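Colleague: One structure coming up, written as structure tokens, with questions to follow.
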Amino acid sequence: MNNHREFRDDPAEVPVRGFLHSPTNPTGDCLVLTHGAGANCNSPLLVALATAFRASGMTVLRCDLPFRQLRPYGPPQRGSGERDQEGLKAAIASMRQQTSARMFLGGHSYGGRQASLLCSAEPGIVDRLLLLSYPLHPPQRPEELRTGHFQRLQIPAMFVHGTRDGFGSIDEMIAALKLIPARTELLPIAGAGHELITKQNREEMPNKVVDAFRSFVYVPEP
């Protein structure tokens, strides 16, 4: 049974808005999942992944970042990153009120970048990161790398990246991940672009990501 419902909380200055996917047989683990710059939490990728993670027993909150709560369309305005990170903190805090189990944070593109920036500044805020189509650089501008915080990233992170993503090639991603001192893993999605989900992979790709991430999070840290 599809057991997700709209979730809205406002315990702090930054509100949390999204959908809570509660599994029938919960493992206790929780994933906060957010969207990219041109989307919202109802993007096909996030809905597909949240559904697949819920089926695996994980509780998922897919949420709108603060910039999207303020504007239904359009990219985030310049300087909105700090407030969007505060929004992720509020979402994590809301879910902490419901579980004492492990907490994971994931995001697509811009949302993943803000998640990684938050975790580089606050290493203990979650247990693992799931970064979908990390925007390594703007398309056709490989010199403008967005990796300045990677050396401060202490949280194990799994990256999921399409082999046709214009925001960074697989080789560029492999090189960038060497900057991160924590454990990392890269899951390439063959034939996929920045949105990851395609007509050809929409059936198997979400489960592939779930299986890989579950294996990643159950590896004990030294």
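Read the figures in this text as sums done on the coordinates, not as results from a lab. Fair warning: this is a prediction, and the values are worked out from it, not measured in the lab. FYI the Cβ positions are ideal-geometry reconstructions off the backbone, even for glycines, and counts take in every protein chain you see.
Colleague: Suppose every K and R has +1 on its Cβ and every D and E has -1 on its Cβ; what is the size of the dipole of the range 81-159 about the Cα centre, in Debye to the nearest 20? Numbers along the way, then the final one.
Modeller: Values: 9 positive and 7 negative charges, 34 e Å.
About 160 debye.
Colleague: Still on this structure, please answer the following. Rounding to the nearest 20 debye, state how big the charge dipole of the range 4-217 is about its Cα centre with +1 on each Lys and Arg Cβ and -1 on each Asp and Glu Cβ. Please report the intermediate quantities before stating the final value.
Modeller: Numbers: 24 positive and 21 negative charges, 31 e Å.
With Lys and Arg at +1 and Asp and Glu at -1, about 160 debye.
Colleague: Only bridges with both residues in the chain count here: give the DSSP antiparallel percent, nearest 5.
Modeller: Numbers: 11 of 36 bridges.
If we restrict to bridges inside the chain, about 30 percent are antiparallel.
Colleague: Among Ala90, Gln77, Ser215, whose Cα projects farthest towards the positive end of the dipole of the range 4-217, with charges put on the beta-carbon of Lys, Arg (+1) and Asp, Glu (-1)?
Modeller: Of the options given, the answer is Ala90.
Colleague: Okay, moving on. Of Gly148, Leu136, Pro26, which is farthest along the charge dipole of the range 4-217 in the positive direction, counting Lys and Arg as +1 and Asp and Glu as -1 at C-beta?
Modeller: The residue sitting farthest along the positive end of the dipole is Pro26.
Colleague: Please list the non-local residues whose amide H lies under 5 Å from the amide H of Leu31, H modeled 1.01 Å from N, same-chain partners needing a gap of 5 or more.
Modeller: Thr59, Val60, Leu61, Phe104
Colleague: Here's a follow-up. Tell me, what are the semi-axes, in whole angstrom and largest first, of the equivalent ellipsoid of the chain as set by the roots of 5 times the Cα gyration tensor eigenvalues? Numbers along the way, then the final one.
Modeller: Values: eigenvalues 109, 79, 67 Å².
The three semi-axes for the chain are 23, 20, 18 Å.
Colleague: Which of the trypsin sites (Lys or Arg not before Pro) found in the range 38-146 are in a DSSP loop and have at most 14 neighbouring Cβ atoms, other than their own, within 10 Å? If you can, show how the numbers build up before the last one.
Modeller: Values: sites: Arg54, Arg62, Arg68, Arg78, Arg83, Lys89, Arg96, Arg102, Arg113, Arg128, Arg146; in loops: Arg78, Arg102, Arg146.
Counting only loop positions with at most 14 other Cβ atoms within 10 Å, the trypsin sites (Lys or Arg not before Pro) in the range 38-146 are Arg78.
Colleague: Here is a further query. DSSP loop GluC sites (Glu not before Pro) in the range 170-222 with at most 16 other Cβ atoms within 10 Å of their Cβ, which ones?
Modeller: Qualifying residues, ordered by number: Glu203, Glu204.
Colleague: While we're here: Work through the residues other than His137 whose Cβ is under 15 Å from its Cβ and net out their charges, Lys, Arg +1 and Asp, Glu -1.
Modeller: On the way: positive: Arg113, Arg141, Arg146; negative: Glu143, Glu144, Asp165, Asp171, Glu172.
Around His137, the charge tally is -2.
Colleague: Which ³J(HN,Hα) values, rounded to whole Hz and listed in residue order, are derived for the range 198-203 from phi using the Karplus coefficients 6.51, -1.76 and 1.60 in 6.51 cos²θ - 1.76 cosθ + 1.60 with θ = phi - 60°, glycine and proline given as x?
Modeller: My calculation for the range 198-203 gives 10, 4, 7, 10, 5, 7 Hz in order.
Colleague: Taking only Cα atoms and a 10 Å spring cutoff, compute GNM fluctuations for the chain and point out the largest among Tyr134, Tyr110, Tyr73.
Modeller: Answer for the Gaussian network model of the chain: Tyr73.
Colleague: Return the calculated 222 nm mean residue ellipticity for the chain, to the nearest 500 deg cm²/dmol, obtained by summing -39500 (n - 2.57) across DSSP H runs with n ≥ 4 and dividing by the residue count.
Modeller: Working: 6 runs with 66 residues, N = 222.
Result for the chain: -9000 deg cm²/dmol, rounded to the nearest 500.
Colleague: Across the range 35-41, in residue order, what do the Karplus-derived ³J(HN,Hα) couplings come to in whole Hz, using 6.51 cos²θ - 1.76 cosθ + 1.60 with θ = phi - 60° and x for Gly and Pro?
Modeller: Going residue by residue, I get 10, x, 5, x, 10, 9, 6 Hz, with x marking Gly and Pro.
Colleague: While we're looking at this one, here's another question. For the range 138-222, run through the chymotrypsin sites (Phe, Trp or Tyr not before Pro) and keep only the ones in DSSP coil with at most 10 other Cβ atoms within 10 Å of their Cβ. Don't skip to the end; give the middle numbers.
Modeller: On the way: sites: Phe150, Phe159, Phe167, Phe213, Phe216, Tyr218; in loops: Phe167, Tyr218.
Taking the range 138-222 and a limit of 10 other Cβ atoms within 10 Å, the loop chymotrypsin sites (Phe, Trp or Tyr not before Pro) found are Tyr218.
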